[in-house]
């Protein structure tokens, strides 16, 4: 039996025409705030303020820098600014650093038979993949 898998789950549903619920809320709040500013302030000041309010509402409703809505970016920036951050630096001792010598490279180039490989794996405290990883990261 086959089941339908929901697609486009990232897309918001449209409520009013081509606008989603969030977009309607942003534009409606901007319209109400603009109307209040128009009646409360002098005309010249009100027009400048209304232009700023409408521009901010249109940016919040429609602009998606880097694929994320502007409202989410503002909320993330606010949370980041009020959260506590602690940066730690731990000094590594010389014993913790991997030692890579030319003899290690020579032994890795030589092909070993299966018994020697298993014995090497048992004796070695770190696997060969970990050694390879540290070599790649150090270059």
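Whenever a residue of the stretch 40-52 is under 22 Å from residue 26 (Cα atoms), its partners that are surrounded by 12 or more Cβ atoms within 10 Å (Cβ to Cβ), lying with C-beta atoms within less than 6 angstrom and at least six residues away or across chains, give the pairs 46/37; 46/38; 49/37; 50/34; 50/37. On the basis of being within 22 Å of residue 75 (Cβ to Cβ) and at pLDDT 95 or above, does residue 61 make the cut? No: the conditions fail for residue 61.
The values are calculated or read from the model by the stated rules, or taken from the named source; none is laboratory data. Just so you know, these numbers come straight off a predicted model, no measurement behind them. Note: ideal-geometry Cβ built from the backbone for every residue, glycine included; neighbour counts use all protein chains shown.
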